[in-house]
Amino acid sequence: MKLLDGKLASQAIKEELRLLVAQRVAEGKKVPHLAAILIGNNGASATYVSAKVKACEETGFKSTLIKFEESITEHTLLKKIEELNTDPDIDGILVQLPLPAHIAEEKIITAIDPEKDVDGFHPINLGKMVQGQASYIPATPYGIMLLLAHYQLDITGKHAVVIGRSNIVGRPMSILLSGNTQPGNCTVTLCHSKTKDLARHCQEADIIVAALGKAEFLKAEMVKQDAIVIDVGITRVNDASKKSGFRLLGDVAFEAVAKKCEWITPVPGGVGPMTIAALLKNTFHACVKRD
Ligand code: NAP
């Protein structure tokens, strides 16, 4: 078993970006500026946003963190997004999901200027991605493609099973893996909660991307010998032995599955840091496009 180390690969990408930003500064150009909106008191969301802000600092980007109470109205949030859309200093906007129940996620995502939509969730960016046009690709699947590229894995012609069909992870992942790109060119099966005989699909897969959000769902008996396994899931489980009171589990029963894999991502330290690296790459490109 070999580890697809997202921490290591993301550091290499961040270092590349840091040098590019330093070059921009030397040329008198503006540095990329990410605006992140965090709503409410969800501990996991706060952790993700602060990791993104910290990564901006490490790479020489500017970042602005905007916090709102859980009770914020949709109208106020839309007004803030409009303000950021028209602010010439802001290159990228992200609204940390999930949103409170009284706010329509679709309305918020669609309100972000597609040119500043560095999370790649806007229908225009998703549509362009489907057609293979240049676009901002959703950060998690983009990060996974960057990880495969970093380790130079040749996945052409392989059978990939993606578990989960969300608009932000599973569905774009299935499209990217099936694209006529390098890495890419997989034959893809997209599974979800209504899939019959999921274990059989997984057993036939050369590559499995587990993105369903069910801790340790993928067991060793569901995985073919020498498969490549990418674990997207993050679930917090109570653990009194940890200072934080919890630990993170992926969607893969790591210990047992790793023994059968050729390559596997850990949780934490796999897809998570790659998601942030991909977000920074999108933000950098958004900045360059606006020169
Ligand atoms: P989501 O919107 O809840 O989607 C989950 C998907 O999994 C749905 O399509 C659902 O099917 C499917 N599913 C649920 N139970 C299943 C089962 N028993 N068998 C087969 N499919 C099943 O979740 P998401 O936003 O895509 O996130 C998935 C996981 O990735 C979560 O743990 C999340 O925290 C994590 N995540 C991690 C990162 C990162 O940076 N590492 C980024 C984003 C998300 P239906 O469509 O039929 O309901």
At 7 Å along the Cα-to-beta-carbon direction for both Glu204 and Lys219, put a label point, then send me their distance in nm to one decimal. 2.1 nm
Return, ordered by residue number, the residues of the stretch 102-116 whose backbone nitrogen is under 12 Å from a label point located 7 Å along Cα→Cβ of Arg290. 113-116
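Run the numbers for Glu262 and Thr86: contour at 0.36 nm per residue of separation, minus the present Cα-Cα distance, in nm. Before the final figure, lay out each step's value.
On the way: separation 176, 0.36 × 176 = 63.36 nm, distance 4.77 nm.
Gain on extension, Glu262 to Thr86, equals 58.6 nm.
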Taking a 22 Å limit on the Cα-Cα distance, which of the listed pairs Lys54/Lys128; Lys29/Lys116; Lys128/Lys158 fall beyond it? Lys54/Lys128; Lys128/Lys158
Can you show me the helix-derived [θ] at 222 nm for the chain, built from DSSP H runs with n ≥ 4 at -39,500 (n - 2.57) apiece and divided by the number of residues, rounded to the nearest 500. -12500 deg cm²/dmol
Relative to the Cα centre, what is the charge dipole magnitude of the chain, using +1 at the beta carbon of each Lys and Arg, -1 at the beta carbon of each Asp and Glu, and rounding to the nearest 20 debye? 340 debye
What lysines sit close enough to Lys259 to cross-link, taking a C-alpha to C-alpha distance under 20 Å and skipping anything fewer than 8 places away on the same chain? Lys2, Lys219, Lys224
Explain nothing, just the number: relative contact order of the stretch 149-291, from Cα pairs under 8 Å at least 6 residues apart, as a whole percent. 19 percent
Here, Thr73 and Asn167, labelled 7 Å along Cα→Cβ, have an inter-label distance in nm of 2.4 nm
Summing Lys, Arg as +1 and Asp, Glu as -1, what charge do residues with Cβ under 14 Å from the Cβ of Asp291 carry, Asp291 excluded? +1
Hey, if you put +1 on the Cβ of every Lys and Arg and -1 on every Asp and Glu Cβ in the stretch 172-221, which of Gly179, Cys191, Ile208 ends up farthest toward the positive end of that dipole? Cys191
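What percent antiparallel are the DSSP beta bridges of the chain, to the nearest 5? All intermediate terms of the calculation are to be shown ahead of the outcome.
Numbers: 4 of 34 bridges.
Here the antiparallel bridges make up roughly 10 percent for the chain.
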If the chain between Thr110 and Thr64 were fully stretched, how many nm would it gain, using 0.36 nm times the residue separation less the Cα-Cα distance? 14.5 nm
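So for the chain, averaging the separation of alpha carbon pairs under 8 Å that are six or more residues apart and normalising by length, what relative contact order in percent results? Write out the running numbers ahead of the final one.
Numbers: 578 pairs, mean separation 61.6, N = 291.
Reported as a whole number, the value is 21 percent.
We did not get these values from a lab; they are worked out from the coordinates using the rules stated. Predicted model only: the values in this text are computed from it and were never measured. All Cβ positions, even for glycine, are placed from backbone atoms using ideal geometry, and neighbour counts span all protein chains on display.
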